[in-house]
Amino acid sequence: MEIKPLKLGTREARLPLIQGGMGVGISLGRLAGAVAGEGGVGIISTAQIGFREPDFDRDSLGANLRAVKKEFDKARSLSPEGVIGFNIMVASRCYEEYVRAAVKAGADIIISGAGLPMDLPRDVSEAAREAGRETEPALAPIVSTEKAARVVLRYWDRKYRRLPDLLVVEGPLAGGHLGFTGEQLEQFAAPGQADISHAYEEEIRAILQTVRSFEEKYGRKIPVALAGGIDNREKAQKAFQLGADAIQVASRFVTTEECDADIRYKEAYIRAGKEDIVIVKSPVGMPGRAIRNRFMERVMGGEQIPHSPCHKCLHTCNPAKIPYCITDALICAAKGEVEDALLFCGANAWKTDRIETVREVIESLL
Ligand SMILES: Cc1cc2nc3c(=O)[nH]c(=O)nc-3n(C[C@H](O)[C@H](O)[C@H](O)COP(=O)(O)O)c2cc1C
């Protein structure tokens, strides 16, 4: 497999590998810094990033914005030259404030999914001006369907005369929240499937075709990264054969020494069997993928799990109506309280059988 560097706006990563953002508290400065240090793109998730700050319960937003800078500085100290950025969910409340904090901290790239980042070019330009930055970070929307790709590309073209610097195409085998309806998931991924389905390959081809039409219009390339279920060299190779310029990998990095999660979270991945990985309905309506545990059994049994006062994470949430609080459940995961947690994972996470280093994982992929 020929390994070509990945150009991202004004920056370049030596390896065409992005470590996918993982909230809450799974991909922070340590993991991102380690990946960037090895030549990949290290991504910090801003989702409730300040959960360890002493004032998090009182002022979640303030704690989170402070932690954006702290985690970026940690990653940068581990990798002074590497490409380091943030994953910011569009569904986050105060999305623009996270974007501003990420730009100010010095992000090289901002990757945004869980909704379409329609006005990210405007938000980033304003933030870069405010911060006195000479160069803007690279901008990368995450899409899962051709329709989503078309909508965001067309809007950026018409409103901002601009292309994304990278498009992340996240397929049905990914972890965390998924960008599909339940029906689309059935169409694109049979239960227990380890490889990209034929139906989803067709969707990827359609996305690439749409991308090509905008590339022609601007005479400039838009690199595309494929994500979801890529856990070995063969799958990485397949992604490049399909036309990708890069891969985005998340689950494989959970079971690394450098991953920011508690060791018990990493062990839950190692213990999990294929049958333990299930599709769950997140309280905010989107489907997600996670490990079946006591917490999942309670939720699937229809139990209403009491929650802490709202930390105002997602604007699609109505705290009075939810069966459980996603912030509580994901913070429990990061802290290693694994039986009371929502353990997000990709479809192939069960295959991991040991803790590795970031370097070992990267060598096994590329
Ligand atoms: C534990 C976990 C948390 C995740 N959190 C986020 C997130 O906060 N925002 C996001 O856009 N994607 C999130 N993802 C998706 C990943 O960034 C990535 O695109 C996807 O999991 C790739 O598939 P893989 O895990 O099979 O490699 C998460 C994935 C996992 C496994």
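Every number in this text was worked out from the coordinates using simple rules, so none of it is lab data. Not measured: the values here are computed from a predicted model. Ideal geometry is used to build each Cβ from the backbone, glycine not excepted, and the neighbour counts take in all protein chains shown.
The residue among Pro323, Ser282, Tyr95 whose Cα reaches farthest toward the positive pole of the charge dipole of the chain, with charges on the beta-carbon of Lys, Arg, Asp and Glu, is Tyr95. Note on Lys351 and Arg158: the model spin-label points, each 7 Å out from Cα along the C-beta direction, lie 4.1 nm apart. Does the stretch 49-118 come out rounded, prolate or oblate by the C-alpha gyration tensor, with a ≥ b ≥ c the root eigenvalues, rounded set by a/c under 1.5 and, if not, prolate when a/b is larger than b/c and oblate if not? Oblate.
At q = 0.07 Å⁻¹, what log₁₀ I(q)/I(0) does a Debye calculation on the Cα points of the chain give, no solvent, two decimals? Debye output, listed in q order: -0.26. Straight-distance candidates among the lysines for linking to Lys217, with alpha-carbon spacing under 16 Å and chain neighbours fewer than 8 residues away dropped: Lys159. Quick one: go through the stretch 212-254 and flag any residue whose amide nitrogen is under 18 Å from the point 7 Å out along the Cα-to-Cβ line of Glu360. Counting backbone N atoms under 18 Å from the label point, the list is 231-233, 250-254.
Here the label points at Lys274 and Ala190, each 7 Å from Cα along the C-beta direction, are separated by 1.2 nm in the simple model. Relative to the current alpha-carbon distance between Arg205 and Glu339, full extension at 0.36 nm per residue lengthens the span by 44.2 nm. Of all lysines in the structure, those lying under 28 Å Cα to Cα from Lys70, and not within fewer than 8 positions of it along the same chain, are Lys7, Lys104, Lys266, Lys312, Lys335. Treating cross-link reach as a plain straight distance, find the aspartates and glutamates whose alpha-carbon is under 12 Å from the alpha-carbon of Lys147, omitting any fewer than eight places away in the same chain. By straight Cα distance, Lys147 reaches Glu203. Mean Kyte-Doolittle of at least -1.0 plus a Cα span of 24 Å or more along the axis: flag which DSSP H helices in the chain meet both, please. In the chain, the long hydrophobic H runs are 60-78, 198-218. Over the stretch 263-351, the reciprocal of the mean inverse Cα-Cα separation, the Kirkwood hydrodynamic radius, stands at 13.3 Å.
Ordering 139-146, 20-27 by mean Cβ neighbour count within 10 Å, with the highest value first, yields 20-27, 139-146.
Is the shape of the stretch 1-64 rounded, prolate or oblate, going by the alpha carbon gyration tensor and its root eigenvalues a ≥ b ≥ c, with a/c under 1.5 for rounded and a/b larger than b/c for prolate? The shape class here is prolate. For the stretch 180-235, the Kirkwood estimate of hydrodynamic radius, built from reciprocal distances between every pair of different alpha carbons, is 13.1 Å. Taking Pro137, Pro172, Pro283 in turn, the Gaussian network model of the chain (Cα-Cα springs below 10 Å) assigns the largest fluctuation to Pro283.
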